[in-house]
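Q: Following this message is one structure expressed as structure tokens.
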Amino acid sequence: MIKAILVFNNHGKPRMSRFYQHYAEDIQQQIIRETFHLVSKRDDNVCNFLEGGTLIGGSDYKLIYRHYATLYFVFCVDSSESELGILDLIQVFVETLDKCFENVCELDLIFHVDKVHYILAELVMGGMVLETNMTEILTRIEEQNKMEKQEAGIAAAPARAVSAVKDMNIPQKIKDIKLPDLPSIGNLKF
Amino acid sequence: MALKKVKGTLERVLDKNLQDLVRGIRNHKENEAKYIAECIDEIKQELKQENLAIKSNAVNKLTYLQMLGYDISWAAFNIIEVMSSTKFTIKRIGYLSASQCFHDETDVLMLTTNMIRKDLSSQNIYDAGVALSGLSCFITADLARDLANDIMTLMTSSRPYLRKKAVLIMYKVFLQFPEALRPAFPRLKEKLEDADPGVQSAAVNVICELARKNPKNYLSLAPLFFKLMTSSTNNWVLIKIIKLFSALTPLEPRLGKKLIEPLTNLIHSTSAMSLLYECINTVIAGIPNHTASIQLCVQKLRILIEDSDQNLKYLGLLAMSRILATHPKSVQMHKDLILQCLDDKDESIRLRALDLLYGMVSKKNLMEIVKKLMIHMDKAEGSHYRDELLSKIILISSQSNYQFVTNFEWYVSILVELTRMEGTRHGKMIASQMLDVAIRVQAIRQFAVDQMAILLENSHVLANNSQRNGICEVLYAAAWICGEFSECLKDPKSTLEAMLRPKITILPGHIQSVYVQNILKLYGKVVRQAEDDGEEDLLREVNQLMSEKLPIFVSSADLEVQERACCILQLVKYVSKLLDKGAKIGDDIELLYAGELNPVAPKAQRKVPVPEGLDLDKWINQPPPESSDEEIGGPAFFTSGSEHRDTYQYESERKSYEPTAEELEKRREARKVEMEHNPHYLKGDIKKKSKKYDTSHIDDIPVATLDLSVPLHVPGLSASDKYLNMYSNVDTRDKSKKGKKGKKKKRRKGKETDSEEDLPAMHAVSTVEEMPEGAHLSDNENADEYSSDPFKKLDVNLDEPLRDDEKLPVRQHRLVLEASPDKELDGDTEKTKKKHRKEKEKKKDKKEKKEKKEKRDKKKSKSENKEKDGPTLLLTAAEEETASEANIVNNVENTANSTSPPEEQSDKTNDIEFWLSGSDAATTPSPVKDSRPVVNNVDRTKSPKLTVNDVLSSEEEDGAKVNEEKPKKKKEKRGSKKEKKEKKDKKKKDKLRRHEYEEAEGITTPSKENISMSQQGTPMEVQLPPMSSYKLLAENATLRMTYETRVSPQRSDQIIISVVFNNQTKNHLKDLEFNVLDTLNTKLIRGLGNSHHDAVRVPFILLPESQNEGQFAFSIESISMSQKMRGTLTYIIKSGDGSTHEKLDFKLHLPCSSYLVTTPCKSDEFAELLASGDLPEKGSCKLTPVDTEFPHVLAKMCFHLHFRLIEQVDKSASLFSKSIQGHPVCLLVKMVNGSLNVDGKSSESKLLSGLLDDIKSLLTEES
């Protein structure tokens, strides 16, 4: 079982948090903070597993994480999950994000956290791995996007117009914080 | 109205959306909280709008705020509103928000049941999908119960996307609503073989999660998983399955054997590291005894550890530590690698390597390794890793009773050095090690005491840090050791001074109290020494010191310290008084602490027997009446001993009178006065007390401040390094010495250094531990710790057939006619029926295959495989009973084409047994078990209670049964409920029959028997004498054994002896072992691996005056000879005085008739057979039966000799039977003038003559 999936940046700002077990909001924040402290002090060339989160889990639980440029992706899992498997799952998750957002960067996650959630829902459900095949995941997401567009249709046209105007105000969406080139699937150890 | 709406919408277009919110927050970095508060106000406004699009926008923003740590539960109702939207986009926002913030206690969740149900049944798969995803996060027990059925329906959806999600969510449903597990399990199992890999993977996932908690219930799925494992290519699925197997294999050793091959193949072939790693893990967990596989794993792990990928290194070490537990030798070979990992820059890896160190140390390298760890400890940052290092140092040194410590001086030095470690949490651990070593290694005491004295001298260093860490615990040990072994102290007086320093008072109470206690010990020592040496000055000095310094402890806030200090202070005063008079008192003080203290075994306290008559729950005195609260209560909550006694003595008086208010007041006054005069009273006013004890000098005590340049270094410590050097010197010296000697010696030296035992241990560790008499350490005392595990509820037997009441709750309308839910139900059961039928057919196929295989195997071996938890050769009666029950039910159900779960069950168990034992070519799968139902069939047709009708009319009975079934079929069409009832009735009936059969008492009136009898109504209703097929085997005062033979036509080489053991004593009989001397023809089947001399264990204990039935299978070669075998039964009588071993010899007689199977034959077939000439052998005999009633004679023959009546005309009859090997036997019996003529025909002459002998002995013997 996966107990929680956390995404935060190099400064510990949460970018997405998903708990598969209920915690009060303040505890959630504490967990995020604690996890950040555990993870952030580790070098990039050490292993991606660590034990010893006190708030979440216990001896049976492990934190498995990957660090991409400015973001940490942390999965808190128990011993029924395969460590390397979860690492690959994180990779699949990030690659899916990359496909959906076209060169994903931290800003995408900042402004579209809801979409990130929808994508994650196609991978993991209720703490259990639902799908690991990326093409299947992408088809499902695309179909849902299509539905979204259909529904939006004319009704949402004014809203879109307004948001377009609003968008113009921002200096420009800076996409400088790019993820490094992701290794192709062929290189995956899986 | 509509216009207004549109207007509202247009206005709302300018509302912030999520992106605006995020942007806003980013732009208000300084006053984020304020900005968010404003936004929340806006959101509240938006939520008041009717338009769902606006609401959804608001909820979407709330979800974001939730991530930032804001509580949004106040909007729960609005979230539900958004969830109820018909638009997918809006609905999705609602469900997302709900999944983030709803939980068990969200009360609005109960409003959602119908909405979610609607979504689940939506045409749009994404509506249902989003609902399932959301539900998986916030499902409650109520939702689970109400929606279980809907989710079950989705499991069979035509869309794989929904099936997948539905399967996965079932796990959550089971957790919340455990009753759903059994009804849903068959469908879940089906999904394991779903066409869609995603669904399959989901099902595997769910079952793995379930099995992780209660593996034994899923053992029967092993063959299916095995198949999946060998066929699947999906690594995710494979990993899960392999993980599952690692949970299952410890329960079933045979499974491990079966897995070896595929697992090794995978290990060799796979390129996926994750899969390789899981395979290795499963091998370690499941087949730790298979050395070759373990070796392979260790090899592969070494490759992992050597990999540059830190992750693989980490996992390799992790798995290695698991191997360490079972195969320490294999791991030790890679010591170099593991030690190397200790230097890794990655802390996780170092920690894992530390775990492994435990198994790496030896006498030779312990010092070296510890030295290395000490260096690490100096360098280490972060207290966690340092603590870990410290505890590992202690662990590896102290393991298995200091097995590897050769020099305890070194070890004590290490311990003392460890006290320098800043901020460690393991002070207690070090302290207990110090105590342990000082007490148990006598030779080291002198040294230890010296070291401890130094520690005490420098206690300020340790005490200073007491606030921050637990290292001051060490002082506890130091004080105790110095006090207890004060005879080893070089300068007790200076140690005493050190212990009396005022700084001590900042130590925790429990340490101070040890100080105080040991101060007295030291004091005694000093006094005595001074007396012996006649140093009066010293005496006075010490007394002065004591009476000056002790009061600092008397005023301690800790009760224990205070009490001890008071006591000792008084003692010192008294002693000094005596000393002034010139008395010698040193010896007397020492007597206070005379005697050796031995370590107490950890379990000793629990082993002390409770003295007779001691009931700790009983009140010692009458429980105080409630009114006494008032009196004792109030300001004084520590009442003195005398006060206590008073209250209890008053007890009886108090009953007679009620104290008035004045009296109470008076008493209170009196108590106050008493308190004032009682020195042991802790008063609120401390000033008074300090005055009393005159401790005003406290501040005058000169405190020597030590100027330390290196604050944490304890001066005067012997560095542990010198021992290491010493050791290595010795080593090199040894080596050089040996090097000089001849080649022969060199070779020997090589050997010697290999074995580490020759390193001399310098000190002996005493292992004496105090235990109460008669108690043993090894006594098992695994008190059943009942854990309140939520998974307990999911621990249900999944192989059992579903009961009638086990159904998923189906939603029903309350005010509908009764008929409609019934219809619904019918539909449901019909579906399952169909399904079951299919399953059954599959099963049948399997069974057939199995039987074929069995026949093949049969020739190969006659020995049986007897596994621990596998099929035993003996079946208890109880077991058999259920089986026969199942069998009958099957018969009914086969004709009715309805479900037959019991058969399924037995099949299943047989399946897995078969599957598991199938790998061993030499074993046949438990023939006893297989033949069991068949045997019972025989039992059944041969009806349990004998009446003449019954015996003679068996054929008609069969016919009648067919008739009987016809109306039954009609009935079944009317409703499944009725059918079930019938089933139950049938079961009951059968139980009844079975019961009577077991008793084998006598005849009952025919009317009590089945309908067939009344239908038939043959005129011959003659009373028969009681008959039992059980014959006496042996009997003595304690035990009586009767037996019966049973055969099955399917197994021509086997006969089963069912023995009833009857305990005739009032004691328990246990360890019954049954053994028979095999003959050439007949051999007891004993199970694989047992020689033909071994006895077969009877798998039960006989309770006093009870009986139980065990079955023993014999393999036979030829059925034509009667057999007599000698055997013995050994058993243990367990009576109050003890147990005695006894044996009982018996002779087992197997007449030819025991090989006959009652076989029906129609009269025309019978005639044909006689005419065909297939029966060339003839035989006849003439005898005078004891019982001259012809029907009786026939009944007896049919019952005891397994014949069947074909035709009866007046006083002649023809009988038929068949041997298990298929030899037909025909008999013509005629009664003429009291004598009986029997003519027989058969294809086997020996069999026939044997049978005729049987008939003779049966009918002529007095019964």
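Condition check ((1) of a type in the set (F, W, Y); (2) surrounded by 19 or more Cβ atoms within 10 Å (Cβ to Cβ); (3) away from chain A (no Cβ under 12 Å)) across all residues:
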site: B:Y314; (1), (2), (3): yes, yes, no
site: B:H327; (1), (2), (3): no, yes, yes
site: B:K345; (1), (2), (3): no, no, no
site: B:M367; (1), (2), (3): no, yes, yes
site: B:S383; (1), (2), (3): no, no, yes
site: B:L389; (1), (2), (3): no, yes, yes
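Q: Scan region B:512-564 for residues that are buried (at least 19 other Cβ atoms within 10 Å of the Cβ), part of a helix (DSSP H, G or I) and of a type in the set (G, A, S) and jot them down.
A: Selection gives B:S513, B:G524, B:A530.
Q: Can you name the residue in region A:17-33 that is surrounded by fewer than 19 Cβ atoms within 10 Å (Cβ to Cβ) and aliphatic (A, V, I, L, M) and is also nearest to the other protein chains (Cβ to nearest Cβ) among such residues?
A: A:A24
Q: Quick one: which helices (runs of 4 or more DSSP H) sit completely within region B:11-108 and have at least 3 residues that are more than 11 Å from chain A (Cβ to nearest Cβ)?
A: B:32-48, B:52-67, B:76-83
Q: Could you name every one of the helices (runs of 4 or more DSSP H) located completely within region B:246-349 that has at least 3 residues being β-branched (V, I, T) and more than 30 Å from B:Y385 (Cβ to Cβ)?
A: Per the criteria, B:253-269.
Q: Select from region B:248-270 the residues that are hydroxyl-bearing (S, T, Y) and closer than 19 Å to B:S231 by Cβ and write down the one among them that is surrounded by the most Cβ atoms within 10 Å (Cβ to Cβ). Even if it seems obvious, please write down each step before you answer.
A: We begin by selecting, within region B:248-270, every residue hydroxyl-bearing (S, T, Y); these are B:249, B:264, B:269-270.
Add one more test, that the residue is closer than 19 Å to B:S231 by Cβ, and what stays is B:264, B:269-270.
Numbers: B:T264: 18, B:S269: 9, B:T270: 16.
This residue is B:T264.
Q: Go through region B:565-592 and give me each residue that's over 60 Å from the mean Cα position of the chain (by Cα), in contact (Cβ under 8 Å) with a residue 24 or more places away in the chain and outside any helix (DSSP H, G or I). Can you show your working first?
A: Here is the first cut: in region B:565-592, the residues over 60 Å from the mean Cα position of the chain (by Cα) are B:573-585.
Subsequent filtering for residues that are in contact (Cβ under 8 Å) with a residue 24 or more places away in the chain retains B:573, B:575-576, B:579, B:584-585.
Residues satisfying the conditions are B:K584, B:I585.
Q: Of all the residues that make up region B:202-225, how many are away from every other protein chain (no Cβ under 13 Å) and touching a residue at least 60 places away in the same chain (Cβ under 8 Å)?
A: Residues flagged as away from every other protein chain (no Cβ under 13 Å) and touching a residue at least 60 places away in the same chain (Cβ under 8 Å) within region B:202-225 amount to 7.
Q: Quick check on my filter: what residues within region A:87-146 are more than 7 Å from chain B (Cβ to nearest Cβ), under 22 Å from A:H22 (Cα atoms) and touching a Cys at 6+ places or on another chain (Cβ under 8 Å)?
A: Those that are more than 7 Å from chain B (Cβ to nearest Cβ), under 22 Å from A:H22 (Cα atoms) and touching a Cys at 6+ places or on another chain (Cβ under 8 Å): A:K115, A:I119.
Q: Report yes if B:N78 is modelled with pLDDT of 85 or more and farther than 22 Å from B:L109 by Cβ, otherwise no.
A: Spelling it out, it is not the case that B:N78 is modelled with pLDDT of 85 or more and farther than 22 Å from B:L109 by Cβ.
Q: B:N205: within 19 Å of B:L168 (Cβ to Cβ) and modelled with pLDDT of 90 or more, yes or no?
A: Working: within 19 Å of B:L168 (Cβ to Cβ): yes; modelled with pLDDT of 90 or more: yes.
Answer is yes for this residue.
Q: So, one more: Residues of region B:1158-1190 being under 14 Å from B:K1230 (Cβ atoms) and either modelled with pLDDT of 80 or more or surrounded by 15 or more Cβ atoms within 10 Å (Cβ to Cβ) (or both), which ones?
A: Residues of region B:1158-1190 that are under 14 Å from B:K1230 (Cβ atoms), as a first pass: B:1180-1185, B:1188, B:1190.
Correct list: B:S1180, B:C1181, B:K1182, B:L1183, B:T1184, B:P1185, B:F1190.
Q: Restricting the search to region B:214-243, which residues are under 13 Å from B:L798 (Cβ atoms) and either in contact with a Pro (Cβ under 6 Å, 6 or more places away or on another chain) or basic (K, R) (or both)?
A: Of everything in region B:214-243, just one residue is under 13 Å from B:L798 (Cβ atoms) and either in contact with a Pro (Cβ under 6 Å, 6 or more places away or on another chain) or basic (K, R) (or both), namely B:K216.
Q: Just one of B:L143, B:L132, B:L181 is farther than 19 Å from B:F88 by Cα, part of a helix (DSSP H, G or I) and within 14 Å of another protein chain (Cβ to nearest Cβ); which is it? Before you say what the answer is, go through the steps one by one.
A: Numbers: B:L132 fails: farther than 19 Å from B:F88 by Cα; B:L181 fails: within 14 Å of another protein chain (Cβ to nearest Cβ).
After applying the criteria, what remains is B:L143.
Q: Among the numbered criteria (1) of a type outside the set (K, R); (2) without any contact (Cβ under 8 Å) to a residue 60 or more places away in the chain; (3) part of a strand (DSSP E or B); (4) surrounded by fewer than 20 Cβ atoms within 10 Å (Cβ to Cβ), which one does B:S1214 miss?
A: Unmet condition: (4).
Q: Among the listed residues A:G12, A:G58, identify the single one that is in contact (Cβ under 8 Å) with a residue 12 or more places away in the chain, surrounded by fewer than 17 Cβ atoms within 10 Å (Cβ to Cβ) and more than 11 Å from every other protein chain (Cβ to nearest Cβ). Steps first, please.
A: Working: A:G58 fails: in contact (Cβ under 8 Å) with a residue 12 or more places away in the chain.
After applying the criteria, what remains is A:G12.
Q: Determine whether region A:44-52 contains at least one residue that is without any contact (Cβ under 8 Å) to a residue 60 or more places away in the chain, over 18 Å from the mean Cα position of the chain (by Cα) and more than 12 Å from chain B (Cβ to nearest Cβ).
A: Looking through region A:44-52, none of the residues is without any contact (Cβ under 8 Å) to a residue 60 or more places away in the chain, over 18 Å from the mean Cα position of the chain (by Cα) and more than 12 Å from chain B (Cβ to nearest Cβ).
Q: If the requirement is being surrounded by 18 or more Cβ atoms within 10 Å (Cβ to Cβ), aliphatic (A, V, I, L, M) and in contact with a Gly (Cβ under 9 Å, 6 or more places away or on another chain), which of these qualifies: B:L1247, B:L1201, B:L1227?
A: On the way: B:L1247 fails: in contact with a Gly (Cβ under 9 Å, 6 or more places away or on another chain); B:L1201 fails: in contact with a Gly (Cβ under 9 Å, 6 or more places away or on another chain).
Testing whether each residue is surrounded by 18 or more Cβ atoms within 10 Å (Cβ to Cβ), aliphatic (A, V, I, L, M) and in contact with a Gly (Cβ under 9 Å, 6 or more places away or on another chain) leaves just B:L1227.
Q: Provide a single number: the residues in region B:226-251 that are more than 14 Å from chain A (Cβ to nearest Cβ) and without any contact (Cβ under 8 Å) to a residue 24 or more places away in the chain.
A: So the count comes out to 2.
Q: OK, next. Filter region A:64-82 down to residues that are away from every other protein chain (no Cβ under 14 Å) and part of a loop (DSSP other than H, G, I, E, B), then give me how many there are.
A: 2
Q: Looking at B:F102 and the list (1) out of contact with any Phe, Trp or Tyr (no Cβ under 8 Å at 6 or more places or on another chain); (2) buried (at least 20 other Cβ atoms within 10 Å of the Cβ), which single condition is not satisfied?
A: Looking at each condition in turn, B:F102 falls short on (1).
Q: Same structure, new question: If we scan region B:164-178, do we find a residue that is more than 12 Å from chain A (Cβ to nearest Cβ), over 29 Å from the mean Cα position of the chain (by Cα) and at negative phi?
A: The answer is no, given that none of the residues of region B:164-178 is more than 12 Å from chain A (Cβ to nearest Cβ), over 29 Å from the mean Cα position of the chain (by Cα) and at negative phi.
Q: Moving on. Does B:S432 satisfy the criteria of being surrounded by fewer than 19 Cβ atoms within 10 Å (Cβ to Cβ) and among the hydroxyl-bearing types (S, T, Y)?
A: Answer is yes for this residue.
The values are calculated or read from the model by the stated rules, or taken from the named source; none is laboratory data. Being a predicted model, the structure only gives us computed values, none of them experimental. Neighbour counts run over all protein chains shown; Cβ positions are idealised from the backbone, glycine included.
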